[in-house]
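Novice: First, the structure itself, so that you have it in front of you.
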Amino acid sequence: MTDITGTEEHLLDSTGEQPADAPVEHGTQDAQRLRRIAAWRAAGRVLNRTPMELPLRERLADLAAGADSVTDLGRPTDIYGDGVVAELEERVAGLLGMEAAAFFPTGTMAQQVALRCWAGRTGNSTVALHPLGHPEVHERGALGTVSGLRTVHPTDEPRLPTASEIRDFDEPFGTLMLELPLRDAGFVLPTWQELEDVVEAARERDAVVHFDGARLWECAPHFGRELPEIAALADSVYVSFYKTLGGLSGAALAGPRTLIDEARVWRHRYGGQLFHQFPAAITALMGLDRELPRLPSYVAQAKVIAGAVAEGFAACGTGWFRVQPEPPHTHQFQVWLPYPADVLSEAAVRQAEETGVCLFRRWFPASAGPPGTAFTEMTVGREGLEWTAADVREAVRAFMERVDGATTAR
């Protein structure tokens, strides 16, 4: 897999990150990109319409309209993290059952700092994580280049490592990092018992455990546990405010107070002590109020949507396809088809333009498997609650009609 930067278009995609093997678009392809964005915005039926899809004017209006519901607008503007930023930090620590939390402008910085701090405390700069983990795929080798950390991979299977893989791994490591869910494997999660067992295996090796919880918010339904119980398994947890909650940007690192105090020092050294961060903090608080209570319904509906997608492909005689995982573990999942990515993306945008229905968004070439295979990521949000299984099956039929027409014409 290769590392690339995100594009404006992907900010309107389902997850807020660019798949690592997606091509960067330049030049004449900009027109195609803008066409897709326009089709997504104009579509009357979508599975998820994030705040990132709104024009700047509407985004600012939403911030102004909702801000007084989450904080006192008569207070002074935050300076270097006091005020509303400190309020957000306190709330996140409480939600996760941790002693303290620190706000960071990016999750990449938050995890760099967390893993660097743990390396100093354990005396071991080796981090065990999955090769599909965010630092390995989406951060341009930052752990080694910036923080001097070394990474090892207990497994390369498309799932989190097992307890036996951790116990039997043939070299020492100071920190085990677990991405919950593992996005690039299909937003997959272990069972609760498997998670407890792998954490215990790391403890037996005197390693600390850090959760990459960018999407931890939506994991509770799968585990059948509340957020504090999930977070309690780890020594530290990072959470994101824009991927699921719809915030402008930002992340938080939560853990023991002594760790967070040290993390604040490193945050300053890494350039993360911004003068004003109140817009991001306010939208994070808004997201915690608006989206966090709704996530269980999104997760439940994702199972309905995924099942209907599979039924739709089967009814169309598509042949090979895959919904990964089936059923979904969170409100996000992947769909794989044996067609070129450009054909599938064109069919999706044409469907949105011609019918106002946007079931799929952009498709990407698969990084493994036979040539001509592609995947997309699907996210079920508030708008997706309105879809019935019949709606999804019909949308799949209309989509495949356009795919088949395009492949026949080639």
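Novice: On the accessible surface of the chain, probed at 1.4 Å, how many percent belong to carbon and sulfur atoms?
Specialist: Details: 8700 of 16460 Å².
So the carbon and sulfur contribution to the accessible surface is 53 percent.
Novice: Let me ask something else about it. Within the range 58-134, report the chymotrypsin sites (Phe, Trp or Tyr not before Pro) that DSSP leaves as loop and that have at most 13 other Cβ atoms within 10 Å. Please report the intermediate quantities before stating the final value.
Specialist: Details: sites: Tyr80, Phe103, Trp118; in loops: Tyr80.
Answer in residue order: Tyr80.
Novice: Of Asp235, Asp212, which has the most accessible area with a 1.4 Å probe, and how do the rest follow in descending order?
Specialist: Numbers: Asp235 40, Asp212 5 Å².
If we order Asp235, Asp212 from most to least accessible, we get Asp235, Asp212.
Novice: Choose one of Pro55, Val146, Ala67: the residue whose Cα lies farthest towards the positive end of the charge dipole of the range 47-169 (beta-carbon charges +1 Lys, Arg; -1 Asp, Glu; about the Cα centre).
Specialist: Final value for the positive-end residue is Val146.
Novice: Measuring from centroid to centroid over Cα atoms, what is the spacing of the range 111-132 and the range 289-311 in Å?
Specialist: 34
Novice: Could I ask something else about it? How big, on average over all directions, is the shadow cast by the Cα convex hull of the range 262-378, in nm²?
Specialist: Values: hull surface 45.9 nm².
Over all viewing directions, the range 262-378 projects a mean Cα-hull area of 11.5 nm².
Novice: Now for a different question. Mind telling me which of Leu189, Leu73, Leu96 comes out most flexible in a GNM of the chain, alpha-carbon contacts under 10 Å?
Specialist: Result for the chain, Cα springs under 10 Å: Leu73 fluctuates most.
Novice: For a quick check of understanding: with a 1.4 angstrom probe and all protein chains in place, what accessible area in square angstrom does Glu401 have, to the nearest ten?
Specialist: 110
Novice: Angle, helix 389-409 long axis vs. longest principal axis of the chain, Cα atoms, 0 to 90°, nearest 10?
Specialist: 70
Novice: If you don't mind, another one. Pop out the ³J(HN,Hα) list for the range 271-278 in order, Karplus 6.51 cos²θ - 1.76 cosθ + 1.60 with θ = phi - 60°, rounded to Hz; leave Gly and Pro as x.
Specialist: My calculation for the range 271-278 gives x, x, 8, 6, 5, 10, 9, 5 Hz in order.
Novice: Below 8 Å between Cα atoms, with a sequence gap of 6+, how large is the relative contact order for the chain in percent?
Specialist: Numbers: 778 pairs, mean separation 85.3, N = 410.
Averaging sequence separation for qualifying contacts and normalising by length gives 21 percent for the chain.
Novice: Further question on the same structure: Charges only on Cβ, +1 for Lys and Arg, -1 for Asp and Glu: so what's the dipole of the range 121-208 about the Cα centre, in debye to the nearest 20? Don't skip to the end; give the middle numbers.
Specialist: On the way: 8 positive and 16 negative charges, 80 e Å.
Here the range 121-208 has a charge dipole of around 380 debye.
Novice: Still on this structure, I have one more. Compute and list, largest first, the equivalent-ellipsoid semi-axes of the chain from the alpha carbon gyration tensor, each √(5λ) rounded to a whole angstrom. If you can, show how the numbers build up before the last one.
Specialist: Working: eigenvalues 240, 136, 75 Å².
With the √(5λ) rule applied to the chain, the semi-axes are 35, 26, 19 Å.
Novice: I've got another one for you. Give the ranking of Lys303, Lys243 by solvent-accessible surface, highest area first, calculated with a 1.4 Å probe.
Specialist: Values: Lys303 85, Lys243 25 Å².
From most accessible down to least: Lys303, Lys243.
Novice: Continuing with the same structure: Hey, can you find the accessible area per residue of the range 209-353 for me, probe 1.4 Å, expressed in square angstrom? Walk me through the numbers on the way to the answer.
Specialist: Details: 4940 Å² over 145 residues.
Ligands and nucleic acids excluded, the figure is 34 Å² per residue.
Novice: Restricted to Cα positions, what overall size does the range 230-306 have along the principal axes? Three whole-Å values, descending.
Specialist: Projected onto its principal axes, the Cα set of the range 230-306 covers 46, 31, 20 Å.
Novice: Taking θ = phi - 60°, what integer Hz values does the Karplus form 6.51 cos²θ - 1.76 cosθ + 1.60 yield along the range 333-347, in sequence order, with x for Gly and Pro?
Specialist: Couplings: 7, 9, 10, 10, 9, x, 9, x, 4, 5, 5, 5, 5, 5, 4 Hz.
Novice: Give me the percent of DSSP beta bridges within the chain that run antiparallel, rounded to the nearest 5. Could you put the intermediate results ahead of the total?
Specialist: Values: 21 of 37 bridges.
Just about 55 percent of them are antiparallel.
Novice: Compute the acute angle (0 to 90°) between the alpha-carbon long axis of helix 84-96 and the principal axis of greatest extent of the alpha-carbon atoms of the chain; round to the nearest 10°.
Specialist: 80
Novice: Can you bin every Cα-Cα distance in the range 312-410 into 10 Å intervals starting at zero and give me the percent of pairs per bin, rounded to whole numbers?
Specialist: 15, 51, 31, 3
Novice: Counting residues in the range 162-313 as N, plug N into 2.2 N^0.38 Å and put the Cα Rg over that result.
Specialist: Numbers: Rg = 17.4 Å, N = 152, 2.2 N^0.38 = 14.8 Å.
Its radius of gyration relative to the 2.2 N^0.38 Å reference: 1.18.
Novice: Let me ask another. When only DSSP loop residues count, what chymotrypsin sites (Phe, Trp or Tyr not before Pro) in the range 258-295 have their Cβ near at most 12 other Cβ atoms within 10 Å? Before the final figure, lay out the partial values.
Specialist: On the way: sites: Trp266, Tyr270, Phe275; in loops: Tyr270, Phe275.
Passing sites in the range 258-295 are Phe275.
Novice: Calculated from DSSP H runs of 4 or more alone, at -39500 (n - 2.57) each and per residue, what is the 222 nm mean residue ellipticity of the chain, nearest 500? Write out the running numbers ahead of the final one.
Specialist: On the way: 16 runs with 177 residues, N = 410.
Taken over the chain, the calculation gives -13000 deg cm²/dmol.
Novice: In terms of modelled amide H atoms, which long-range or inter-chain residues lie less than 5 Å from the amide H of Val209?
Specialist: Leu176, Asp235, Ser236
Novice: Could I ask something else about it? Which whole-angstrom value gives the distance between the alpha carbon centres of the range 337-410 and the range 139-178?
Specialist: 35
The values are calculated or read from the model by the stated rules, or taken from the named source; none is laboratory data. Keep in mind the model is a prediction, meaning the values are calculated, not measured. Virtual Cβ from ideal backbone geometry, glycine too; neighbours counted across all protein chains shown. Just so you know, the surface numbers come from the protein's heavy atoms only, side chains and all, with ligands and any DNA or RNA stripped out. Shrake-Rupley method; radii C 1.70, N 1.55, O 1.52, S 1.80 Å.
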